[in-house]
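Undergrad: Right, I'll just put the structure down here and ask away after.
We did not get these values from a lab; they are worked out from the coordinates using the rules stated. Worth saying up front: this structure is predicted, and the values here are computed from it rather than measured. For neighbour counting, all protein chains shown are included, and Cβ atoms are generated from backbone atoms with ideal geometry for every residue, glycine included.
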Amino acid sequence: MAPEHRQPAFVLHEHHRPSHHFDLRLEEDGVLRSWAVPKGLPTDARADRLAVAVDDHDLDHATYTDATKTIADTGWWDLEDRNERRFVFVLHGQGRPRRYAMIHTGDNWLLHLTRDQP
């Protein structure tokens, strides 16, 4: 029998300390790749959001909450395209699927909501 194929997880944590911000976590290579996104995911293709890469987290952190950290959204994600400067992906969470591009600026990342949506 073939092993079950599972989609890679994503979680958007909302933090209330030390200051309000969000962490986007994408499962890849057995860990959660993580970015702090101070203003949350972009809701308009004309307004990119700063995304600061932070340390990877263990996969069990996808369900972690505490008094100052809640889960704002969770689900799975698809990688659509990747090169050394950017990657394009779709988040499948609580609402409709949304396509984003994560663009490396050299120091940090910009999170961009693409004009073309699934």
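Undergrad: Using the charge dipole of the chain (Lys, Arg: +1 at Cβ; Asp, Glu: -1 at Cβ; taken about the Cα centre), state which of Ala9, Leu26, His92 has its Cα farthest towards the positive end.
TA: Value: His92.
Undergrad: Using unit Cβ charges (K, R positive; D, E negative) and no other charged atoms, how large, in debye to the nearest 20, is the dipole of the chain about its Cα centre? Kindly include the intermediate steps, with their values, before the conclusion.
TA: On the way: 15 positive and 20 negative charges, 112 e Å.
Approximately 540 debye in magnitude.
Undergrad: A further question on this structure: For Cα pairs less than 8 Å apart in space and 6+ apart in sequence, what is the mean separation divided by the residue count of the chain, i.e. the relative contact order in percent? Write out the running numbers ahead of the final one.
TA: Numbers: 261 pairs, mean separation 27.5, N = 118.
Once normalised by length, the contact order is 23 percent.
Undergrad: Taking 0.36 nm per residue of separation and subtracting the Cα-Cα distance, what length does fully extending Arg46 through Arg86 add?
TA: Numbers: separation 40, 0.36 × 40 = 14.40 nm, distance 1.74 nm.
So the extension gain works out to 12.7 nm.
Undergrad: So if R0 is 22 Å, what FRET efficiency would Asp66 and Glu28 give, r being the distance between their Cβ atoms, rounded to the nearest 0.05? The partial results should precede the final answer.
TA: On the way: r = 24 Å, r/R0 = 1.10.
Computed FRET efficiency for Asp66 and Glu28: 0.35.
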